[in-house]
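Engineer: One structure is given below, represented as structure tokens, and several questions about it will come after.
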Amino acid sequence: ARWQLARLGAAALVARARRAAGAAAAWAWAGRAWIAFGALLPLLLAGVALQPDTTRAWRWAHRVARAMLRLAGVPLLVGGSWPRRAVVAVANHASYADALVLLAAVPQPLRFVGKRELQRHRLFAYVLRRLGVVFVERLSAQHSVDDARQLLACARGGDTLCVFAEGTFRRAPGLLGFHLGAFETAARAGLPVLPLGLRGTRELLPDGSWRPRRGAVELRIGEVLEEAVANDAFATAAQLLRSCRAALLRLSGEPDAGHPIAGVGVVDGEQCKQV
């Protein structure tokens, strides 16, 4: 009996030691990732601020972002080819790391569409504007109209807009409903939509945690989507949304987490829109 108790006690100690070693290794890797980010972030910010134009600022940030991931030990995989034409790019949103991964994966400039609250920090707002970020208001109806006009002008001017159509993310896996704005912009500008599927970012930096987890990240570039409903931009936008969401369910590997259109639910078999 004493020998059995000793064996059980030793096994428990070994299991606890293994868990402690695993936790220590995870924290050590997280520390390496944050050291890489903290060391190169000032270089990224200063370089972007000093570049003479948006294109060179993006190229600089692209190189530094790739170095960040490499130094942190995060493998970056890119599948698919970028089209040689103007598009409205739409990506799934799973983590704060999404923008960094896109910055590292795409060498040509993208004009991210970001929430206006990001302008509260002056230094970051200045750098984001230098990178071509377009800030939009999510809560004001009048600002939303003005923002829609601004996005349409950017798209018609040849800029590649990049939108996280879900508008938010959460810790649990799942592709949320899409907001219609990006697809209306594409329909009115006569541009196709390019789905961009991100994988691994939710696991790398989950919502509600600032401790990175070890793992690879991947960008899967889909085929351009072109839909047209004669003389009806709204119907064209709705069709683009559905086609893009179906493509992103495949590209991202995320499960379907709701109605295709954000703010729409189903009650007793009937669709109802939240106001």
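The values are calculated or read from the model by the stated rules, or taken from the named source; none is laboratory data. All figures in this text were calculated on a predicted structure; none of them were measured in a lab. Neighbour counts are summed over all protein chains in view; Cβ atoms, including those assigned to glycine, are modelled from backbone coordinates with ideal geometry. Side chains are part of the model used for accessible areas, which takes the heavy atoms of the whole protein and leaves out ligands, DNA and RNA. Shrake-Rupley method; radii C 1.70, N 1.55, O 1.52, S 1.80 Å.
Engineer: Could you tell me whether the stretch 92-179 comes out rounded, prolate or oblate from its Cα gyration tensor? Rule is a ≥ b ≥ c as square roots of the eigenvalues, rounded for a/c under 1.5, then prolate if a/b exceeds b/c, otherwise oblate.
Structural biologist: Rounded.
Engineer: Still on this structure, please answer the following. What does the charge dipole of the chain about its Cα centre add up to, to the nearest 20 debye, if the Cβ of each Lys and Arg holds +1 and the Cβ of each Asp and Glu holds -1? Walk me through the intermediate numbers first.
Structural biologist: Numbers: 36 positive and 20 negative charges, 332 e Å.
My answer is approximately 1600 debye.
Engineer: Please compute the per residue accessible area over the chain with all protein chains in place, 1.4 Å probe, rounded to a whole number of Å².
Structural biologist: On the way: 15200 Å² over 275 residues.
Dividing the accessible area of the chain by its residue count gives 55 Å².
Engineer: If you average the sequence gap of Cα pairs under 8 Å that are 6 or more apart and divide by the length of the chain, what percent do you get for the contact order?
Structural biologist: So the answer I get is 21 percent.
Engineer: Grab the Cα-Cα distance for Leu5 and Asp207, subtract it from 0.36 nm times how many residues apart they are, and report the gain in nm with one decimal.
Structural biologist: 68.5 nm
Engineer: Report the gain in length on full extension from Ala257 to Leu77: 0.36 nm times residue separation, minus Cα-Cα distance, nm rounded to one decimal.
Structural biologist: Working: separation 180, 0.36 × 180 = 64.80 nm, distance 2.54 nm.
Taking Ala257 through Leu77 to full extension adds about 62.3 nm, to one decimal.
Engineer: Work from the charge dipole of the chain (Cβ charges, +1 for Lys and Arg, -1 for Asp and Glu, about the Cα centre) and give the residue of Ala10, Val88, Leu198 farthest towards its positive end.
Structural biologist: Highest projection toward the positive end goes to Ala10.
Engineer: To continue, here is another question. So for the stretch 1-153, Kirkwood radius off the Cα pairs, Stokes-Einstein at 4 °C and 1.567 mPa s: how many µm² s⁻¹?
Structural biologist: Answer, rounded: 69 µm²/s.
Engineer: Where the accessible area of the chain is counted over protein heavy atoms with a 1.4 Å probe, how much of it, in %, is carbon and sulfur?
Structural biologist: C and S fraction of accessible area: 57 percent.
Engineer: Per DSSP H run of at least 4 residues, take -39500 (n - 2.57); add these up for the chain, divide by its residues and hand me the 222 nm value, nearest 500 deg cm²/dmol.
Structural biologist: Rounded to the nearest 500, the figure is -16500 deg cm²/dmol.
Engineer: Oh, and also: Quick one: which residues, 5+ away or cross-chain, put their amide H under 5 Å from the amide H of Leu175? H built at 1.01 Å from N.
Structural biologist: The answer is Asp256, Ala257.
Engineer: Three principal axis extents, largest first, for the C-alpha atoms of the chain, in Å?
Structural biologist: The Cα atoms of the chain stretch 85, 57, 35 Å along the principal axes, largest first.
Engineer: Return the Cα extents of the stretch 161-238 along principal axes one, two and three, sorted largest first, each rounded to a whole Å.
Structural biologist: The Cα atoms of the stretch 161-238 stretch 49, 22, 18 Å along their principal axes.
Engineer: Under 1.5 on a/c is rounded, so check that first for the stretch 141-191, then, if it is not, pick prolate when a/b is larger than b/c and oblate when it is not; a ≥ b ≥ c are the square roots of the alpha carbon gyration tensor eigenvalues.
Structural biologist: Prolate shape, in that a/c is at least 1.5 and a/b is the bigger ratio.
Engineer: Assuming a ≥ b ≥ c are the square roots of the Cα gyration tensor eigenvalues, decide whether the stretch 52-138 counts as rounded (a/c under 1.5), prolate (otherwise, with a/b larger than b/c) or oblate.
Structural biologist: Taking the square roots of the gyration eigenvalues as a ≥ b ≥ c, the stretch 52-138 is rounded.
Engineer: Set the Förster distance to 35 Å, then compute FRET efficiency between Tyr126 and Ala24 from the Cβ-Cβ distance, nearest 0.05.
Structural biologist: On the way: r = 39 Å, r/R0 = 1.12.
Plugging the Cβ-Cβ distance into 1/(1 + (r/R0)^6) gives 0.35.
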